[in-house]
1. Specify which of the listed residues (A:Ile78, A:Ile106, A:Ile134, A:Ile118) is more than 9 Å from chain B (Cβ to nearest Cβ) and either over 27 Å from B:Ala19 (Cβ atoms) or in contact with a strand residue (DSSP E or B) (Cβ under 9 Å, 6 or more places away or on another chain) (or both).
2. Say we look at segment A:229-253 and pick out the residues that are closer than 23 Å to A:Thr123 by Cα and out of contact with any Leu (no Cβ under 9 Å at 6 or more places or on another chain); which of these is most open to solvent (accessible area, probe 1.4 Å)?
3. Looking only at segment A:75-89, decide whether some residue is open to solvent by less than 20 Å² (accessible area, probe 1.4 Å) and assigned to a strand (DSSP E or B).
4. How about segment A:208-228: which of its residues are open to solvent by 40 Å² or more (accessible area, probe 1.4 Å) and of a type outside the set (Val, Ile, Thr)?
5. Which residue out of B:Leu74, B:Leu126 is within 16 Å of the chain's Cα centre (by Cα) and free of Cβ contacts under 8 Å to residues at least 60 places away in the same chain?
6. Out of the residues in segment B:106-122 that are open to solvent by less than 10 Å² (accessible area, probe 1.4 Å) and either in a loop (DSSP other than H, G, I, E, B) or at pLDDT below 95 (or both), which is farthest from B:Leu10 (Cα to Cα)?
7. Can you name the condition, by its number, that A:Tyr174 falls short on among (1) closer than 21 Å to B:Ile134 by Cα; (2) in contact (Cβ under 8 Å) with a residue 40 or more places away in the chain; (3) surrounded by 24 or more Cβ atoms within 10 Å (Cβ to Cβ)?
8. Tell me, yes or no, whether segment A:202-221 has at least one residue that is charged (D, E, K, R), in a helix (DSSP H, G or I) and over 17 Å from the mean Cα position of the chain (by Cα).
2 protein chains.
Amino acid sequence: MIANSHTGKLILIGCGPGAADLLTVRATKRIAEAELILYDRLIEPEVLEFASNDAERLYVGKAPGDGGVQQAALNEKIAEAVAAGLRVARLKSGDPMVFGRASEEIAAAIAAGGEVEIVPGVTAALAAAAGSAISVTERAELQSFVVTTGRAADKDAPPDWASLMKPGVCAAFYMGVGQAWRIQSTLMASGVPGHAPADWIERAGCYDSRTVSTTLERVAHAADAEHVRNPAVLLVRFPKSLAADKAAAAAQAR
Amino acid sequence: MIANSHTGKLILIGCGPGAADLLTVRATKRIAEAELILYDRLIEPEVLEFASNDAERLYVGKAPGDGGVQQAALNEKIAEAVAAGLRVARLKSGDPMVFGRASEEIAAAIAAGGEVEIVPGVTAALAAAAGSAISVTERAELQSFVVTTGRAADKDAPPDWASLMKPGVCAAFYMGVGQAWRIQSTLMASGVPGHAPADWIERAGCYDSRTVSTTLERVAHAADAEHVRNPAVLLVRFPKSLAADKAAAAAQAR
């Protein structure tokens, strides 16, 4: 790594969910200008082809269970490169501000006297929606859209899924395969009807993406039967009319 | 409009929130291949420069209050062009599946015997987050991210903001300027602390974007004092530690 006289800069770049042509034009330019490229596990090899031949490329991925490069070591690497005046492109799958651990890396670059730029990207839930032609909002039926995770960080409690899944909401669960039973049973226990539409989108935004369409009461079964694997997004929709149907059925039963 | 022998195709294209270099590479290619371009009010002129010189360009925007092209007429236009075998690019600001009225346009194209492709885009909330360096998720603090609207369609009830804004949630309100008082008072009445961080991001993703940082209890005042105008995104964060502080303060007061 060669130090230079510029102020160092960290550019956090959202690379979208997979296919290289889902990068923004700005992302491709910033990658091409970078002197050091830090990339992780879900970045497709074609994305690295936007980089200059002179750029140093460094894999900093963490696969589940493999240990990998720890976040603290990565923050240190960023600080060191920025202090040396380098233009550092940190490639993140999806969007850098969604489950991207961006704050720690930004803080490391600022503390090292560098500048920071953030390039937004297409987040996996929206690639999943586009690929399966599912609107995550729908006039009068779905007014809010929730992005949450099926997998909390070590020791953290999982998100309060039940409180978010109200009538009028479409929720996207990232990395939910291992928690399929828990998501299904938590939502059903909180009153979401079993026949609410639910779709698994495996490898959203990649050319080999696959959609498994089912209903909430069969979410875990479908994942198992169809061998759905992470990275996958689960979209669950609770349209207002389903809540109204349920209320009418309950009234009739009385 | 010249009919041709191909099967017609509707391509719904997310054009991101403003700046033309926030289009994806795929979006620029699909625009260049289109024979008819349908675009609306928030599409920047530079985006149209990706189009072929031979393409017909048609403005189909609806400004608030100006009447504009009604959705039914637009659906009809799409059906007609697709039936004539044209490749129709429908440019949407942000992502087409988020507040994009996509379902109706998809249905029109399918009914006319056409194919449909959807190209996801950068949604305004994520451009807002990137531009103001705000992570919408944060380890242990913010586990879910909600996108909702400050402005319901005519006659529809507004979204149930209070039920979505729980500890651990960051919420993005689209087009919320006119509802600033209502958002602020609804959230505070439901228990979100007045000092929760809140940021207005005007024209997120555009080069003249502006961030006004404040707290929930000053959201409406800040919008007024700083003359914040739509299109604007309001990001409100309710980190888990704020909820814990509040609980501790309540316990001490007893």
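1. Residue meeting the stated conditions: A:Ile78.
2. Taking segment A:229-253 and keeping what is closer than 23 Å to A:Thr123 by Cα, we get A:229-239.
Narrowing further to those that are out of contact with any Leu (no Cβ under 9 Å at 6 or more places or on another chain): A:229-230, A:232-235.
Details: A:Arg229: 140, A:Asn230: 60, A:Ala232: 5, A:Val233: 6, A:Leu234: 0, A:Leu235: 0 Å².
Per the criteria, the residue is A:Arg229.
3. yes
4. Result: A:Asp208, A:Ser209, A:Arg210, A:Ser213, A:Glu217, A:Arg218, A:His221, A:Asp224, A:Ala225, A:Glu226, A:His227.
5. Result: B:Leu126 is the single residue among B:Leu74, B:Leu126 that is within 16 Å of the chain's Cα centre (by Cα) and free of Cβ contacts under 8 Å to residues at least 60 places away in the same chain.
6. Selected residue: B:Val122.
7. (3)
8. yes
The values are calculated or read from the model by the stated rules, or taken from the named source; none is laboratory data. In this text the structure is predicted, and so the values were computed from the model without any measurement. When we count neighbours, we look across all protein chains shown, and the Cβ atoms used for this are built from the backbone with ideal geometry, even at glycine. All accessible areas refer to the heavy atoms of the entire protein, side chains included, with ligands and DNA or RNA removed. Shrake-Rupley method; radii C 1.70, N 1.55, O 1.52, S 1.80 Å.
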